Structures are given as C-alpha cells and as structure tokens.
Amino acid sequence: MLVKKLRNVWASLSVIAVCLFANQAQAAVINAVFFSAAQMPLSKVLLMATLNNGPAMRPVQWQLYRVKNGRSTLVQSFKRHSASLELEPGVYRAEAELDNVSRSRVFDISTVSNSNVIVAMD
C-alpha cells in the first residue's frame with residue numbers, strides 16, 4: 001500500500017487492497033480523506049459587547065486568546081463593539097474593555113459550527 005503525501009497536505013485517496021484467500025484474489029477499494037490543519041473546518045463566532053441589553057455601539061477593546069494545555073495565546077486584538085470571526089475548533093477566551101470596565105468570557109467551539117459570545121459591559 002502506497003500513500004502519497006504532497007506538500008504536507010493529504011488529499012482524498014483511493015487504495016486498492018488485495019487479499020489472498022484460498023488461492024483466490026479479492027480486491028476492495030477503500031476511500032479515505034485526511035485533513036491538514038489548513039483544511040480544518042472553521043467555526044463562525046460572533047463577539048458582541050452590549051450596554052442596556054443592546055449593542056454597545058461604541059469602540060470596545062477586545063483581546064481574543066486561544067487556550068490550550070493551560071496556556072493562552074493571543075489570536076487577535078481589535079477595537080469595535082462587535083466582530084464576526086472564523087476560528088479553528090478549540091477553547092478561547094475573549095476579554096473586552098470599555099470605560100475601565102473589563103469582562104471576560106471563555107467559550108468552546110470544539111463541537112459547534114456557529115457560536116454567539118455576548119458580553120454585557122454594564
């Protein structure tokens with residue numbers, strides 16, 4: 001069985017397996033699909049800061065971290081009241097700051113394709 005790996009990206013492949021059973025050859029086609037990290041499905045995330053149960057409509061300072069093995073790595077930083085992002089599956093922490101008020105939310109998008117993260121700033 002020969003599997004080719006081209007430029008660290010696995011492609012969809014078909015493998016023909018031949019089994020010798022009682023002097024008879026039988027063939028089976030096995031299909032497999034492998035994904036590289038670049039091909040991993042992304043989750044859509046809406047981050048929104050609110051005031052008085054509505055969008056803050058003011059620039060909020062956001063820091064977005066990916067949390068893995070107890071370590072936080074900065075993914076993105078931006079300044080607006082909301083953002084729509086596409087992120088790799090995993091656990092994240094969003095930190096928002098507005099008028100000396102800081103809030104933080106941890107969210108897990110390991111098994112969901114869409115997620116809304118709402119942070120009340122009041």
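Only the coordinates and a few stated rules stand behind these numbers; no lab work does. Keep in mind that this is a model prediction, so the values were computed, not measured. Glycine also receives a Cβ, built like all others from the backbone with ideal geometry; neighbour counts cover every protein chain displayed.
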Inset, instruction - Based on other C-beta atoms within 10 Å, arrange Asp108, Asp99 from fewest to most. - result: Asp99, Asp108
Legend entry - Which of Lys79, Lys44 has the fewest Cβ neighbours within 10 Å, and the rest in rising order: Lys79, Lys44
Legend entry - Bridge type composition, the stretch 40-120 - antiparallel percent by DSSP, nearest 5: 80 percent
Legend entry - Residues Asp99 and Lys68, FRET efficiency given R0 of 41 Å [Cβ-Cβ distance, rounded to 0.05]: 0.85
Legend entry - Order of Glu97, Glu86 - criterion: other Cβ atoms within 10 Å of each residue's Cβ, fewest first: Glu86, Glu97
Inset, instruction - When a/c is below 1.5 the answer is rounded, else prolate if a/b is larger than b/c, else oblate, so apply that to the stretch 40-120 with a ≥ b ≥ c taken from the square roots of the Cα gyration tensor eigenvalues. - result: prolate
Legend entry - the stretch 40-120, relative contact order [Cα under 8 Å, separation at least 6], %: 39 percent
